[in-house]
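The values are calculated or read from the model by the stated rules, or taken from the named source; none is laboratory data. This is a predicted model, so every value here is computed, not measured. Here Cβ is always computed from backbone atoms with ideal geometry, including for glycine, and neighbour counts include all displayed protein chains.
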Amino acid sequence: MPNYFRFKNFVLYFYAGDGIEPIHVHITEGRPSKASVKLWLLEDGTCKLAYNRTDISDKELKKLEKFIELNIYRTKL
């Protein structure tokens, strides 16, 4: 199980080194689920949406991306 934490009513859980993909975070509401948002964490400190398989709105998703960029991912890969 990956490391995870809660932000508001969202669960964020991280993966690193699982193949050829960049480090990425999955986001779900309530609890971890296969129906998630997947954001790649880029070397410049930004996020890139890989997919959104949830009902999380674009507005909420932008807030979550900003939260990740400002608070979680502060160092270079």
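Scanning region 9-34 for residues that are β-branched (V, I, T) and in contact with a strand residue (DSSP E or B) (Cβ under 6 Å, 6 or more places away or on another chain), we see that the one that is modelled with the lowest pLDDT is I23. Just one of the numbered conditions (1) in contact with a Leu (Cβ under 9 Å, 6 or more places away or on another chain); (2) modelled with pLDDT under 95; (3) not basic (K, R) is not true of V37: (2). Would you tally the residues in region 27-54 being of a type in the set (D, E), loosely packed, with under 14 Cβ neighbours inside 10 Å and touching a residue at least 12 places away in the same chain (Cβ under 8 Å)? Residues meeting the conditions: 1. The residue of region 55-77 that is surrounded by the fewest Cβ atoms within 10 Å (Cβ to Cβ), among those that are modelled with pLDDT of 85 or more, in a helix (DSSP H, G or I) and of a type outside the set (D, E, K, R), is L70.
The set of residues in region 1-52 that are of a type in the set (A, V, I, L, M) and outside any strand (DSSP E or B) comprises M1, A16, I20, I23, A35, L42.
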